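This report refers to the structure that appears directly beneath it.
The values are calculated or read from the model by the stated rules, or taken from the named source; none is laboratory data. Computed from a prediction, not measured in an experiment: that's the story for all the values here. Please note: Cβ atoms are built from the backbone with ideal geometry, for glycine as well, and neighbour counts cover all protein chains shown.
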Amino acid sequence: MCTSINSYRCAETAIVQDMNQALEKTLAVKREAWITPDTIQNYREHLRIKDLKSRSFVSYALEKNDYSLCSQRYQWQKGRHSLMFQSYADCSFGTIWGLSDQRLALFLTLSAMLWMLFSVVYWRRNGAGRMFFGSMTYVPLEHSFRDVQGKEIPFTPMQHQLMELFMASGDMKLSKITICESLWPKKPDASETLYTLIRRLKPVVSEHCGLTITAEKGGGYRLKYL
């Protein structure tokens, strides 16, 4: 936005400078005190900005004017005659905008839009649906657990299944019955197996996830922060 406004103001400055030099050259060869068609034609021939030739004109310097763009006041003197001349430009906002160099502003705007689009696409592909807990990231679509460096955490297949049960629970709390029925549905009593699994899983989640597993009252386990 600032770049665009700066380009617009630079265009205004360029217009005024062009009118200044054109009026100065016109008055340097002017012989009569009044403004003639030749005066206007000569002035416009000296203008360098093409679009300004049909929008700018020479006049006697006015105390008040309705034009936002005008040249400096130049004194013309010939014998006893001394007059102040000034040129004006009837340029709308759109005209000045068209004369300004908006390429950088346009480039920055397009770059910002592309970056936003890229960010949205990247988030949808890589961030949407992810779950963050401790220093661990769980990606349901990939069924993967990753550490802060993006590396997959080395869970065993059984540890991996238990961790997915924790992530699916919502409150990171599971009862022994839920775990045993999910992991060992055909085993009558899997309490010892579960105890061994939890004992071996604890150091892994502590080292790679910044988490721990605690026993809950009523016979269950909770995954929580260290």
Under the condition of being in contact (Cβ under 8 Å) with a residue 40 or more places away in the chain and small (Gly, Ala, Ser), which residue from region 17-35 is nearest to Phe57 (Cα to Cα)?
Ala22
So, Ala14, is that one under 44 Å from the mean Cα position of the chain (by Cα) and touching a residue at least 24 places away in the same chain (Cβ under 8 Å) or not?
yes
Looking at region 159-211, which of its residues are among the basic types (Lys, Arg) and either under 41 Å from the mean Cα position of the chain (by Cα) or outside any helix (DSSP H, G or I) (or both)?
Lys173, Lys186, Lys187
Residues in region 28-57 that are among the charged types (D, E, K, R), surrounded by fewer than 11 Cβ atoms within 10 Å (Cβ to Cβ) and outside any loop (DSSP other than H, G, I, E, B): how many?
1
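From the set of residues in region 212-225 that are assigned to a strand (DSSP E or B) and without any contact (Cβ under 8 Å) to a residue 40 or more places away in the chain, which is surrounded by the most Cβ atoms within 10 Å (Cβ to Cβ)? Write out each step before concluding.
To start, the set of residues in region 212-225 that are assigned to a strand (DSSP E or B) comprises 212-216, 220-225.
Still in the running and without any contact (Cβ under 8 Å) to a residue 40 or more places away in the chain: 212-215.
Details: Thr212: 16, Ile213: 21, Thr214: 12, Ala215: 12.
Only one residue fits best here, namely Ile213.
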Restricting the search to region 70-102, which residues are within 17 Å of Tyr8 (Cβ to Cβ) and at pLDDT 85 or above?
Ala89
Since Arg130 meets every condition but one in (1) at pLDDT 75 or above; (2) surrounded by 14 or more Cβ atoms within 10 Å (Cβ to Cβ); (3) touching a helix residue (DSSP H, G or I) at 6+ places or on another chain (Cβ under 9 Å), which condition does it not meet?
(3)
Could you tell me which numbered condition Thr156 fails, if it satisfies all but one of (1) modelled with pLDDT under 95; (2) loosely packed, with under 14 Cβ neighbours inside 10 Å?
(1)
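Only one of these is surrounded by 13 or more Cβ atoms within 10 Å (Cβ to Cβ) and touching a residue at least 40 places away in the same chain (Cβ under 8 Å): Leu174, Leu183, Leu194, Leu165. Name it. Explain how you work it out, then say what you get.
Details: Leu183 fails: touching a residue at least 40 places away in the same chain (Cβ under 8 Å); Leu194 fails: touching a residue at least 40 places away in the same chain (Cβ under 8 Å); Leu165 fails: touching a residue at least 40 places away in the same chain (Cβ under 8 Å).
Only one candidate qualifies: Leu174.
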